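This report refers to the structure that appears directly beneath it.
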Amino acid sequence: MKRIGIVFFLLYGIFAFSQEPTGNYRTLKVAVQDTIAVDSTSINPVKFALLDKNGIAIDTTKYKVNFAKGEVYLSPEIQASEDTITVNFVKYPSFLTKKYSLLDPNIIVADNTAMDRLIALQQSTRENEFKPFDGLNTNGSISRGITIGNNQNAVVNSQLDLQITGKISDNVSIRASIQDANIPIQDGGYSQSLNEFDQIFIELFTDAWSIRAGDIDLVNNKSYFANFQKKVQGIALGGRIKKEESETTMFASGAVVRGVFSQSFFLGQEGNQGPYKLIGPNGELFILIISGSERVYVNGLLLERGENKDYVIDYNAGEIKFNPTYPITADMRILVEYQYSDRNYTRFIGYSGGNYTSEKLDLGVYGYLESDAKNQPLQQNLSEEQVAVLQQAGDDPTQMVAPSAVPDTFSENKILYRKDFFNGEEIFVFSNNPEDALFQVRFTMVGNNQGNYII
């Protein structure tokens, strides 16, 4: 019984599906002519048939059908024997025959009409908007290290090398360079200076102007007068106006030069680590060395400054001392290059000019200024006792003498002294005992066999 029920259900389903009416089946009665347009779109070849006026199917050999165009072509025989026929066909669903377009097809015109009103549509080729600081090229390295030895304290070493190039806007480019071989951990003449960079500058430039700050070169080699070349730290500006027949360039720069270049040459003394007095080019005994400007060569070898290196220097006294780690002998040739200030003031340099060039004329104007900044003394601040001595001395240089002893902490590489009394007079005696009250003392050269220093 169950098997008979299942078979009946399947047969009923098939029958129901075969008898399901389709909404796209059409019947069309038309007058006979050679070409009959059945539909404006393609028609389905399934269940297509032509019937005469009596409802009898016409032989397919007496007509042709173009299903793609929806057209029927009748033979002359049918045209002569029939006046009306009936066409049965299946219409394709509307979503298959519907026209789809992104734009309104009514705006499309023929190629030869209204050409003056046509607008060409092209895909935009504009590049993306510029993003500031996008695409900067940076390269370099930075390293840190610690040096430890059995005869020195721990020292932190560092090395920096940084290069920057790129654009910060559509027209402005940047170029920067920072290089440093050692970052110090102390201040003064016992270590390297924080401002002692091998090369540092930042430059902004375009096709029409430029500005650079940091290490700059002041050069005048275009004029017969006042030729010079100086490497200084400051700022430089430049601009250019270019026309079809001429070109005008202008520039201005300002820099601070804290001293005048000089050098001292002397032979080492056997077992004498210093201090060695640096003498000016005119025999000056009292010169102020510019901090970080010195270069010390021994037998042509460049030495390094630092308490844990080769030497230390007292910039105010113009004296250099070699550490015990670098013994001095009598056959050593010592050359010290340095900058010193003869007036104890920062020196300002200004350099500017302009040049006009054309086919018939070449005109240049240059100006150079070098002066002392009186409100920026290079010398360290004097103590109250030293100021009182200068006030009481008046114009007598022989009375301008003040004590130079300064309390200091013990270090194996420092030359220090302790206070003592000899025949009721206060004296300073060399000491390397960390338990003593130690002082750093500067001595003045007064001539051979004229002083009180006893070895």
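The values are calculated or read from the model by the stated rules, or taken from the named source; none is laboratory data. Since the structure is predicted, the reported quantities are computational estimates derived from the model, not experimental observations. Every residue, glycine as well, gets a Cβ built from its backbone with ideal geometry; the counts of neighbours run over all protein chains shown.
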Qualifying residue in the stretch 409-423 (condition: over 22 Å from TYR315 (Cβ atoms), in a loop (DSSP other than H, G, I, E, B), under 53 Å from the mean Cα position of the chain (by Cα) and charged (D, E, K, R)): yes
Tally of residues being loosely packed, with under 12 Cβ neighbours inside 10 Å, touching a residue at least 40 places away in the same chain (Cβ under 8 Å) and either under 19 Å from GLY239 (Cβ atoms) or in contact with a Pro (Cβ under 7 Å, 6 or more places away or on another chain) (or both) across the stretch 203-228: 1
Every pair of residues 6+ apart whose Cβ atoms lie under 7 Å, when the first sits in the stretch 30-41 and is among the β-branched types (Val, Ile, Thr) while the second is assigned to a loop (DSSP other than H, G, I, E, B): VAL32/GLU82; VAL32/ASP83; VAL38/GLY70; THR41/GLY70; THR41/TYR92
Hits in the stretch 43-83 - residues which are closer than 20 Å to TYR25 by Cα, touching a residue at least 24 places away in the same chain (Cβ under 8 Å) and polar (S, T, N, Q): ASN44
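For every residue, the table says whether it meets (1) under 22 Å from VAL156 (Cα atoms); (2) outside the structural domain of ARG240 (by TED's automatic domain parsing).
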position: ASN299; (1), (2): no, yes
position: ASP310; (1), (2): yes, yes
position: TYR326; (1), (2): yes, yes
position: ASP331; (1), (2): no, yes
position: ILE334; (1), (2): no, yes
position: SER352; (1), (2): no, no
Every residue from the stretch 395-418 that is loosely packed, with under 13 Cβ neighbours inside 10 Å and touching a strand residue (DSSP E or B) at 6+ places or on another chain (Cβ under 9 Å): VAL406, PRO407, THR409
Meets criteria (at pLDDT 85 or above and either farther than 29 Å from LYS98 by Cβ or in contact with a Lys or Arg (Cβ under 8 Å, 6 or more places away or on another chain) (or both)) for GLU77: yes
Identity of the residue in the stretch 290-342, touching a Leu at 6+ places or on another chain (Cβ under 9 Å) and of a type in the set (D, E, K, R), that ends up surrounded by the most Cβ atoms within 10 Å (Cβ to Cβ): GLU294
Unique residue being under 16 Å from VAL257 (Cα atoms) and either part of a strand (DSSP E or B) or in contact (Cβ under 8 Å) with a residue 60 or more places away in the chain (or both) when the list is GLN339, GLN269: GLN339
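Anything in the stretch 416-455 that is more than 16 Å from TYR276 (Cα to Cα) and among the β-branched types (Val, Ile, Thr)? List them, or say none. Please lay out each step first, then the result.
Taking the stretch 416-455 first, the residues more than 16 Å from TYR276 (Cα to Cα) are 417-439, 449-450, 452.
Residues satisfying the conditions are ILE427, VAL429.
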Any hit, the stretch 304-324, residues being touching a residue at least 60 places away in the same chain (Cβ under 8 Å), assigned to a strand (DSSP E or B) and hydrophobic (A, V, I, L, M, F, W, C): yes
Unique match (being out of contact with any Lys or Arg (no Cβ under 9 Å at 6 or more places or on another chain), surrounded by 11 or more Cβ atoms within 10 Å (Cβ to Cβ) and either closer than 29 Å to ARG295 by Cα or at pLDDT 85 or above (or both)) among GLY354, GLY364: GLY354
Verdict on PHE261 being within 28 Å of ALA330 (Cβ to Cβ) and assigned to a strand (DSSP E or B): no
Test: ASP187 is charged (D, E, K, R) and either under 30 Å from ASN323 (Cα atoms) or at pLDDT 75 or above (or both): yes
Test: residue in the stretch 234-255 that is small (Gly, Ala, Ser) and at pLDDT below 80: no
Candidate set from the stretch 93-132 (those that are surrounded by 10 or more Cβ atoms within 10 Å (Cβ to Cβ) and at pLDDT below 60); member that is farthest from SER42 (Cα to Cα): PRO132
All positions within the stretch 245-281 that are within 29 Å of TYR351 (Cβ to Cβ) and either in contact with a helix residue (DSSP H, G or I) (Cβ under 6 Å, 6 or more places away or on another chain) or among the basic types (Lys, Arg) (or both): ARG258
Leading residue by the ranking (surrounded by the most Cβ atoms within 10 Å (Cβ to Cβ)) among those in the stretch 54-92 that are acidic (Asp, Glu) and in a loop (DSSP other than H, G, I, E, B): GLU82
Some residue of the stretch 379-386 being closer than 25 Å to PHE286 by Cβ, surrounded by fewer than 14 Cβ atoms within 10 Å (Cβ to Cβ) and at pLDDT 85 or above: no
Scan of the stretch 272-292 for residues that are assigned to a loop (DSSP other than H, G, I, E, B) and under 22 Å from ASN413 (Cα atoms), ordered by number: ASN272, GLN273, GLY274, PRO275, LEU278, SER291, GLY292
Failed condition for SER404, given (1) touching a helix residue (DSSP H, G or I) at 6+ places or on another chain (Cβ under 6 Å); (2) closer than 21 Å to GLY318 by Cα; (3) of a type outside the set (Val, Ile, Thr): (1)
